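Asker: What follows is a structure written as structure tokens; I'll ask about it next.
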Amino acid sequence: MKKLVIGIDIGGTRTKIGLVDLTLGKVLETVIYPTESKNVTNFEQKIGETIQYFQTKITENQIILGVGIGVSSFVFEDGTVDSTYGFMDFMEDYPLAEIIEKAYNLPCKIDNDARLVALGEALYGQGKGFERVLVLTLGTGLGLGFVGNQKLNEKLPFGHMGGHISITQNGEKCYCGKIGCLESFVSATGILKAAQKLNWHEKNLNLPFTVESIFYASESGNNEAKLIINDFLEYLKIGISNYINLYAPDRIILGGGVAKGLKIYLPILQEITQLGPFKAYKTSIEISELEENSGILGSAALFNNIIKIPPLGVKVL
Ligand SMILES: [Zn+2]
């Protein structure tokens, strides 16, 4: 009997749901739709429709073991979502796991989305074979997840606000209450805000006002875009060097929409001049190749204790 898990990644913009074969580390099929952030009935209905769709799709020799979900919040052990601080108003002490379990008769496990992206990368992506994997998700915000020896470092996602380390007192006040949070400089929101300050969009009306086009313009020699990207890279370097002091990762992976433009800047980000945690310390930085699938795979991997994953290098037929 082939054991499958449904992995759900509820993102700021889109919800990605995949049917996952954890033994192979493969997403067999994916459904993506805009995240329903206002109406709880629609939210539950959309997830339910997809679960039922996958339940009808599986063959006689396949079984769905459960549903793993990633949410941008602190999540309690029983699968209750603490709060998304206004991003999804109904997610205040919201018993999401219980709702799914009762409605679809499937076990449900939930954790913080950035932690699960890190778990996905460590098990199936660029973190495979590394002991200490740190994943920074540069999207609407800055998500942080750390995986040591292929396991999440804590039972609960206590570090999920790790993008809110303050790196300057000259920055703006963040929604978390502090000044100059790293997230407010290296997220898509932060990059667009920096561009707005320079009236970049008004001066470049031929280009869409997106992070991708600012990266593109910078590479094409647009001076103001270059300034925005250079500042962004400097802040990201400060952030990475702080995280190195905290986590000593041997592999750092940058994921999320913003990371897609970062490949050519990797040599700049690798310029680490500070003292390492130990003399022979070495790390490497890579861009996620799993992209959308890292969150889906990580969410499904919450059921890893049920499925025996073969050791690295062993081929599964
Ligand atoms: Zn903050």
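Asker: Hey, among G159, G148, which residue is of a type outside the set (A, V, I, L, M), over 21 Å from V27 (Cα atoms) and touching an Asp or Glu at 6+ places or on another chain (Cβ under 8 Å)? Outline the logic, then answer.
Answerer: On the way: G159 fails: touching an Asp or Glu at 6+ places or on another chain (Cβ under 8 Å).
The match here is G148.
Asker: Also: Looking at segment 172-186, which of its residues are hydrophobic (A, V, I, L, M, F, W, C) and near the ligand (Cβ under 9 Å from one of its atoms)?
Answerer: If we filter segment 172-186 for residues that are hydrophobic (A, V, I, L, M, F, W, C), which is where we start, we get 174, 176, 179, 181-182, 185-186.
Correct list: C174, C176, I179, C181, L182.
Asker: What tally of residues in segment 152-180 results from selecting those that are within 24 Å of G79 (Cα to Cα), touching a residue at least 12 places away in the same chain (Cβ under 8 Å) and among the charged types (D, E, K, R)?
Answerer: Looking only at that region, the number is 1.
Asker: Follow-up. Restricting attention to strands (runs of 3 or more DSSP E) lying wholly within segment 1-89, give those where 3 or more residues are touching a residue at least 12 places away in the same chain (Cβ under 8 Å).
Answerer: Details: elements: 2-10, 14-21, 26-34, 62-71, 81-83.
Qualifying strands (runs of 3 or more DSSP E): 2-10, 14-21, 26-34, 62-71.
Asker: Continuing with the same structure: Checking the conditions here, which among G125, G148, G139 is modelled with pLDDT under 95 and either within 15 Å of the ligand (Cβ to nearest atom) or touching a strand residue (DSSP E or B) at 6+ places or on another chain (Cβ under 9 Å) (or both)? Write out each step before concluding.
Answerer: Working: G125 fails: modelled with pLDDT under 95; G148 fails: modelled with pLDDT under 95.
So the residue among G125, G148, G139 that is modelled with pLDDT under 95 and either within 15 Å of the ligand (Cβ to nearest atom) or touching a strand residue (DSSP E or B) at 6+ places or on another chain (Cβ under 9 Å) (or both) is G139.
Asker: What is the one condition in (1) crowded, with 24+ Cβ neighbours inside 10 Å; (2) under 17 Å from the mean Cα position of the chain (by Cα); (3) farther than 20 Å from S294 by Cβ that F158 does not satisfy?
Answerer: Status for F158: all satisfied but (1).
Asker: Just checking, which of V314, V258 is among the aliphatic types (A, V, I, L, M) and either modelled with pLDDT under 90 or not in a helix (DSSP H, G or I) (or both)?
Answerer: Numbers: V258 fails: either modelled with pLDDT under 90 or not in a helix (DSSP H, G or I) (or both).
Among V314, V258, only V314 is among the aliphatic types (A, V, I, L, M) and either modelled with pLDDT under 90 or not in a helix (DSSP H, G or I) (or both).
Asker: If you go through segment 129-145 one residue at a time, do you hit one that is among the basic types (K, R) and in the same structural domain as R251 (by TED's automatic domain parsing)?
Answerer: Within segment 129-145, the subset among the basic types (K, R) is 132.
Filter again for in the same structural domain as R251 (by TED's automatic domain parsing), leaving 132.
Yes: segment 129-145 contains one or more residues that are among the basic types (K, R) and in the same structural domain as R251 (by TED's automatic domain parsing).
Asker: Among the residues of segment 29-42, are any of a type in the set (D, E, K, R) and either under 22 Å from S294 (Cα atoms) or surrounded by 18 or more Cβ atoms within 10 Å (Cβ to Cβ) (or both)? Step through it out loud before you land on a result.
Answerer: Restricting attention to segment 29-42, the residues satisfying the condition of being of a type in the set (D, E, K, R) are 29, 36, 38.
Keeping just the survivors that are either under 22 Å from S294 (Cα atoms) or surrounded by 18 or more Cβ atoms within 10 Å (Cβ to Cβ) (or both) gives 29, 36.
Yes - at least one qualifying residue is present in segment 29-42.
Asker: Kindly indicate whether D250 is closer than 21 Å to G141 by Cα, among the acidic types (D, E) and surrounded by 13 or more Cβ atoms within 10 Å (Cβ to Cβ). Break it down into steps so the answer makes sense when it comes.
Answerer: Working: closer than 21 Å to G141 by Cα: no; among the acidic types (D, E): yes; surrounded by 13 or more Cβ atoms within 10 Å (Cβ to Cβ): yes.
Here the answer is no, as D250 does not meet what is asked.
Asker: Hey, A217 hits all of (1) away from the ligand (no atom under 16 Å from the Cβ); (2) surrounded by fewer than 13 Cβ atoms within 10 Å (Cβ to Cβ) but one; which does it fall short on?
Answerer: That leaves (2) as the condition not met.
Asker: What is the residue count in segment 187-209 for residues that are surrounded by fewer than 17 Cβ atoms within 10 Å (Cβ to Cβ) and within 16 Å of the ligand (Cβ to nearest atom)?
Answerer: 1
Asker: Further question on the same structure: Among the residues of segment 159-171, write down those that are part of a loop (DSSP other than H, G, I, E, B) and within 11 Å of the ligand (Cβ to nearest atom). Steps first, answer last, please.
Answerer: Pass one, segment 159-171, residues part of a loop (DSSP other than H, G, I, E, B): 159-165, 167-171.
Passing the criteria: M161, G162, G163, H164, I165, I167, G171.
The values are calculated or read from the model by the stated rules, or taken from the named source; none is laboratory data. Here the structure is a predicted model, which is why all the values come from computation and not from measurement. Quick reminder, even Gly has a Cβ in these numbers, built from the backbone with ideal geometry, and neighbours come from all protein chains shown.
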